[in-house]
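Right, one structure below, let's go through it.
The values are calculated or read from the model by the stated rules, or taken from the named source; none is laboratory data. All of these numbers come straight from a predicted model, not from anything done at the bench. Here the Cβ is made from the backbone with ideal geometry for all residues, glycine too, and neighbour counts use every protein chain on show.
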Amino acid sequence: MATDLSDVLPRIRAEHVDALAAGAVLLGSGGGGDVSVGRQLLHRLVRERPVELRPADELAPDTLVIHVCLVGGPDVISERLVDPDDLAVAAQAVVDHLGGQVGAVGVLEIGGLNGLIGVLAAARLAVPVVDGDLMGRAFPLIDQTTLAVDGQAITPMALVSPAGDIVLMTTGSARATQAILTSTAVAMGGAAAVALYPTSAATLARVGIHRSISACIALGTAYLDPRATDVRAMVGLLGGRLLFDGRVDEIRPRRGTELGSVTLADPVSGATARVDHRDEFLAVSCDGLTVAATPDVVVALDPSNRSPLRTDQVRLGQPLVLFSLPSLHPWPAEAAPIVGPARFGLDLEPTT
Amino acid sequence: MLRLGIDVGGTNTDAVLIDGSRVVAATKAPTTPDVTGGIVTAIQDLAANTGFDPARIAAVMIGTTHFINALVEADRLAPTAAIRFGLPATGALPPLVDWPERLSRALGGHSYLCHGGHEYDGSRIDDFDEQEFRAVLDKAVQAGARSFAISSVFSPVNAEFEQRAALIIAEELPGTPISLSHEIGRMGLLGRENATIINAALRELADQVTTGLARSVAGAGISAPVFLSQNDGTLMDIDYARRYPVATFASGPTNSMRGAAFLSGRLQCAVVDVGGTTTDVGILQQGFPREASTDVAVADVQTNFRMPDVLSIGIGGGSLVTGDAGAPAVGPSSVGYRLTEKALVFGGDTLTATDLAVAAGLTEIGDPGRVAHLDPAFVRAALDQVAARMAEVVDRMRISAEPIPVVAVGGGSILVPDELAGASAVERPEHYAVANAIGAAIAEVGGEVDRVFSVAPNQRDAVLDEARQEALDRTVAAGAKPGTVRIVDVEEVPLAYLPGNATRIRIKAVGELSLGGDDA
């Protein structure tokens, strides 16, 4: 317990929300949906009651932690919005099945909207949120987590719709859980509130990704720092590694399970880069050499206004600065089939 | 065919007369608080200069920043009820939730939720509850609402709830202005709803302004139809503008850039538009302004309009100049529209950026003798600073590492130096001072589709064709000549994180304005 906690916040207050949201966008690696609805809701909720932020190793080891997130389409969420009550109902449904009570809420993925949803659920349930997450970025599949790599169960899992429908899956394999999660979300109108990965604080202290909420807020604070006047200064301030600076030459949209890609060119040097993506950016190759690959976090910044773009916001002819962020988690070698390029059908050999 | 283009800015009202692609005459008059006074003066000036026959004018195109200014100043906004169909979803963030207190108070803050709306696949979230809606309507009327903004979840997919609500309002409160979100904004409930509420709040002002515009044009003996320019540089007729004032919001910078493209003949360039107080820099791609890639806040309200991507700095012809040769300071304070009484060259007592330009011999206006005493080193240093800051903005906006041609327009563009770091050329075309009015005069008619389509396997081409046809039809319906309509933008994005066939398709078309028989 001798960890240096000087940069760990005791509570998430209203003044941290914008930085948390900005950091979550960066960590989304071009995916994870639109954070704005989560940011607005979180502003309202924590204004009344700040959320206690606790590292897993500071909670009692047997504390029951439920992970809460949203699944579904960002376009659905931007229309139908999010109800914090649905998140609480989902967490409660899992606890009702297990017995006991929720000791803390965990964040499933720190990247994108779900980086805020766990905090929102904790605010609504009036319990602490664990300062960590299970993905260290945004990933599309439910088993791309440190807990799954460690062999922990995803279930029991509950899905809740705005209409009040509740689906509880008590036990299941990763494959079936993913299929049922997706098809249930579609049946619920394309998005659902989800509670899953019930676990203990002790397990999270052992295999969770640590301090990712603090790290996310720090990243967002650096991003919002007005001193970063040009893009290169900003990449430096974020601790990022510059990958490419160029203009979008060609866009091949994702079709079904087939990956999409964006090709960029640097008109001066003639260099080209290719970014593979599904819902997030997955890999960057410069002149055929892979310079970053999942689970690396890749950010595509529009240099004219310095905003990070999602895969669906990239347009033809647009200037983009690509950089990667330092990893929040040292994924073990055995995680490669789960979070590495091969999981997305990419045959790449990262050179870094 | 003569076209009269008018741009009503905060300081000046500019007017140009265009014959085909030739600028016949141009003039500037001070803008008056009632908008119409400046227009009347400008038309009189043009008539005096050219002796044109009002009957020969085929169309009048007006660009105005009046409506966005009214919103920013929370001035003359109608008491508005915002009613959303979405329950049991969306209740955690009701309408008006994130509006600045001052604005939402100016509207009366009437926000209501009803059951209904649709899912992305077009099925209902809940049924239409007529009793519930009529009760909400009664409450809103009792609270003083005079204009209604109706939104419904996924109304771009299915507008049924908004249309039924409009029928009931029309029946209960005949003549009351109604704004429906599916006619105004895109996908994204809160942004679309906010744009709809803004529109509803501006409806009473729009009635007055459009009536005034039509009257002043008719008063000048011009019987041609009147159009207003929209955010994307396309036109709407005056009746449409009366119902959709919010569509004029970004027309100012768009018109300047379109005018710059027309005057310079360049389709790919940076446009530096220098006014009295600010310099706005935008990028032209294929002759149209590059759009901002992210959502734009208007008066601190989040909307999901596509706006031109513009960076502004506080340097203009009226900018105050202070400091010394070692550390000159230009702007952001400005004498604004009082330039002609405040600036040294016009006999005033304030050193402005315009005085620097005269002292350096860049232009001949006013009395150069009144700036002859300025230290040449100071003038040089201050103008160098202006050049450096403009170059920095151009550099931030340009789309590639290659130097980019720069077209300078606007009354203050004498401040743009002939050489700019990062610019392959700096061009100040003829009639640069009235580029915005020219942009209005040459505007075309547009139509757009932005919806979620269900794309079954092997049906992609058919679905895209259907969407293309709809965009073309809309453009013709908006007043375009059928033979000239063309698709200018196609975007196809599968809904992320969802399996299956739902794809969001956005298609934009434009065409030349149809003016009846004498088109040629």
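For the range B:301-317, which residues satisfy the criterion of being of a type in the set (D, E, K, R) and crowded, with 24+ Cβ neighbours inside 10 Å? Spell out how you get there, then give the answer.
We begin by selecting, within the range B:301-317, every residue of a type in the set (D, E, K, R); these are B:306, B:309.
Within the range B:301-317, no residue meets the criteria.
Inside the range B:227-252, can you point out the residues that are at pLDDT 85 or above and closer than 10 Å to residue B:63 by Cα?
If the condition is that a residue be at pLDDT 85 or above and closer than 10 Å to residue B:63 by Cα, then B:227, B:228, B:229, B:230, B:235, B:248 are the ones that fit.
Only one of (1) in contact with a Pro (Cβ under 9 Å, 6 or more places away or on another chain); (2) within 14 Å of chain A (Cβ to nearest Cβ); (3) buried (at least 17 other Cβ atoms within 10 Å of the Cβ) is not met by residue B:95, so which one is it?
Only one criterion is unmet by residue B:95, namely (1).
For the range B:232-255, give me each residue that is within 19 Å of residue B:35 (Cα to Cα) and of a type in the set (S, T, N, Q).
Scanning the range B:232-255 gives B:248, B:251, B:255.
Could you check the range A:250-352 for strands (runs of 3 or more DSSP E) lying wholly inside it with 2 or more residues that are within 14 Å of chain B (Cβ to nearest Cβ)?
Qualifying strands (runs of 3 or more DSSP E): A:260-265, A:272-277, A:281-286, A:297-302, A:319-325.
For the range B:464-482: of the residues being surrounded by fewer than 16 Cβ atoms within 10 Å (Cβ to Cβ) and touching a residue at least 24 places away in the same chain (Cβ under 8 Å), which is farthest from residue B:230 (Cα to Cα)?
Per the stated criteria, the residue is B:482.
What are the residues in the range B:162-193 that are farther than 20 Å from residue B:119 by Cα and in a helix (DSSP H, G or I), if any? Step through it out loud before you land on a result.
Going through the range B:162-193, the residues farther than 20 Å from residue B:119 by Cα turn out to be B:166-179.
Correct list: B:166, B:167, B:168, B:169, B:170, B:171, B:172.
Considering only the range B:232-281, state which residues are acidic (Asp, Glu) and either buried (at least 24 other Cβ atoms within 10 Å of the Cβ) or in the same structural domain as residue B:389 (by the TED database) (or both).
Correct list: B:232, B:273.
Kindly indicate the residue of the range A:48-98 that is more than 14 Å from chain B (Cβ to nearest Cβ), aliphatic (A, V, I, L, M) and part of a helix (DSSP H, G or I) and also farthest from residue A:154 (Cα to Cα) among those meeting that condition.
A:56
State whether one or more residues within the range B:495-510 are surrounded by fewer than 23 Cβ atoms within 10 Å (Cβ to Cβ), touching a strand residue (DSSP E or B) at 6+ places or on another chain (Cβ under 9 Å) and more than 14 Å from chain A (Cβ to nearest Cβ).
Checking the range B:495-510: not a single residue is surrounded by fewer than 23 Cβ atoms within 10 Å (Cβ to Cβ), touching a strand residue (DSSP E or B) at 6+ places or on another chain (Cβ under 9 Å) and more than 14 Å from chain A (Cβ to nearest Cβ).
So how many residues does the range B:123-145 have that are assigned to a loop (DSSP other than H, G, I, E, B), more than 14 Å from chain A (Cβ to nearest Cβ) and either touching a strand residue (DSSP E or B) at 6+ places or on another chain (Cβ under 6 Å) or not hydrophobic (A, V, I, L, M, F, W, C) (or both)?
So the count comes out to 4.
Residues of the range A:151-165 being in a loop (DSSP other than H, G, I, E, B) and over 19 Å from the mean Cα position of the chain (by Cα), which ones? Before you say what the answer is, go through the steps one by one.
So the first thing to find is which residues in the range A:151-165 are in a loop (DSSP other than H, G, I, E, B), and the list is A:151-156, A:161-165.
A:151, A:152, A:153, A:155, A:156, A:161, A:162, A:163, A:164, A:165, listed by residue number.
Would it be correct to say that residue B:501 is at pLDDT below 80, at positive phi and among the polar types (S, T, N, Q)?
No.
Conditions tested, residue by residue: (1) under 20 Å from the mean Cα position of the chain (by Cα); (2) touching a residue at least 60 places away in the same chain (Cβ under 8 Å).
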residue	(1), (2)
A:145	yes, no
A:173	no, no
A:176	no, no
A:181	yes, yes
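Can you tell me which residue among B:461, B:418, B:395 is more than 23 Å from the chain's Cα centre (by Cα) and either outside any helix (DSSP H, G or I) or buried (at least 24 other Cβ atoms within 10 Å of the Cβ) (or both)?
B:418
If I filter the range A:128-151 down to residues being among the hydrophobic types (A, V, I, L, M, F, W, C) and under 16 Å from residue A:177 (Cα atoms), which single residue comes out as surrounded by the most Cβ atoms within 10 Å (Cβ to Cβ)? Steps first, answer last, please.
Of all residues in the range A:128-151, those among the hydrophobic types (A, V, I, L, M, F, W, C) come to A:129-130, A:134-135, A:138-139, A:141-142, A:147-149.
Within this subset, residues satisfying the condition of being under 16 Å from residue A:177 (Cα atoms) are A:139, A:141-142, A:147-149.
Working: A:139: 29, A:141: 17, A:142: 24, A:147: 22, A:148: 21, A:149: 19.
Applying the filter and picking the extreme gives A:139.
Every residue, every condition in (1) in a loop (DSSP other than H, G, I, E, B); (2) in contact (Cβ under 8 Å) with a residue 24 or more places away in the chain, yes or no:
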| residue | (1), (2) |
| --- | --- |
| B:3 | no, yes |
| B:10 | yes, yes |
| B:15 | no, yes |
| B:25 | no, yes |
| B:28 | no, yes |
| B:33 | yes, no |
| B:38 | no, yes |
| B:43 | no, yes |
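Quick one: in the range A:222-257, which of the residues that are among the acidic types (Asp, Glu) and touching a strand residue (DSSP E or B) at 6+ places or on another chain (Cβ under 9 Å) is surrounded by the most Cβ atoms within 10 Å (Cβ to Cβ)?
Looking at the filtered set, the residue picked out is A:245.
Taking residue B:452 as the residue in question, decide whether it is of a type outside the set (Phe, Trp, Tyr) and more than 14 Å from chain A (Cβ to nearest Cβ). Spell out how you get there, then give the answer.
Details: of a type outside the set (Phe, Trp, Tyr): yes; more than 14 Å from chain A (Cβ to nearest Cβ): no.
No, not satisfied.
Which residue pairs have Cβ atoms under 7 Å apart, sit 6 or more places apart or on different chains, and have a first residue in the range B:210-239 that is among the hydrophobic types (A, V, I, L, M, F, W, C) and a second that is in a loop (DSSP other than H, G, I, E, B)?
Filtered contacts from the range B:210-239: B:235/B:443; B:236/B:230; B:236/B:244.
Being over 23 Å from residue A:282 (Cα atoms) and either modelled with pLDDT under 95 or surrounded by 24 or more Cβ atoms within 10 Å (Cβ to Cβ) (or both) narrows it down to one residue among A:125, A:168, A:159, A:116; which is it?
None of the others qualify; the one that does is A:159.
For the subset of the range A:29-47 comprising residues that are of a type in the set (A, V, I, L, M, F, W, C) and surrounded by fewer than 24 Cβ atoms within 10 Å (Cβ to Cβ), which member is nearest to residue A:159 (Cα to Cα)? Lay out the reasoning, then the answer.
First pass over the range A:29-47, keeping only residues of a type in the set (A, V, I, L, M, F, W, C): A:35, A:37, A:41-42, A:45-46.
Add one more test, that the residue is surrounded by fewer than 24 Cβ atoms within 10 Å (Cβ to Cβ), and what stays is A:45-46.
On the way: A:45: 22, A:46: 24 Å.
Per the stated criteria, the residue is A:45.
Return a yes/no flag: does the range B:271-280 have any residue that is modelled with pLDDT under 85, under 19 Å from residue B:229 (Cβ atoms), in contact with a strand residue (DSSP E or B) (Cβ under 6 Å, 6 or more places away or on another chain) and part of a loop (DSSP other than H, G, I, E, B).
no
Any idea which of (1) modelled with pLDDT under 95; (2) more than 11 Å from residue A:123 (Cα to Cα); (3) assigned to a helix (DSSP H, G or I); (4) touching a Lys or Arg at 6+ places or on another chain (Cβ under 8 Å) is the one residue A:34 doesn't satisfy?
(3)
Which strands (runs of 3 or more DSSP E) sit wholly inside the range B:282-344 and have at least 3 residues that are within 16 Å of residue B:389 (Cβ to Cβ) and over 25 Å from the mean Cα position of the chain (by Cα)? Please lay out each step first, then the result.
Details: elements: B:296-298, B:301-303, B:310-313, B:319-323, B:328-334.
The strands (runs of 3 or more DSSP E) meeting that bar are B:319-323, B:328-334.
Of a type in the set (Val, Ile, Thr), touching a His at 6+ places or on another chain (Cβ under 9 Å), more than 19 Å from residue A:298 (Cα to Cα) and within 14 Å of another protein chain (Cβ to nearest Cβ): is that true of residue A:194 in this structure?
Numbers: of a type in the set (Val, Ile, Thr): yes; touching a His at 6+ places or on another chain (Cβ under 9 Å): yes; more than 19 Å from residue A:298 (Cα to Cα): yes; within 14 Å of another protein chain (Cβ to nearest Cβ): yes.
For residue A:194, the condition - of a type in the set (Val, Ile, Thr), touching a His at 6+ places or on another chain (Cβ under 9 Å), more than 19 Å from residue A:298 (Cα to Cα) and within 14 Å of another protein chain (Cβ to nearest Cβ) - is met.
Within the group B:19, B:14, which residue is surrounded by fewer than 21 Cβ atoms within 10 Å (Cβ to Cβ) and among the acidic types (Asp, Glu)?
B:19
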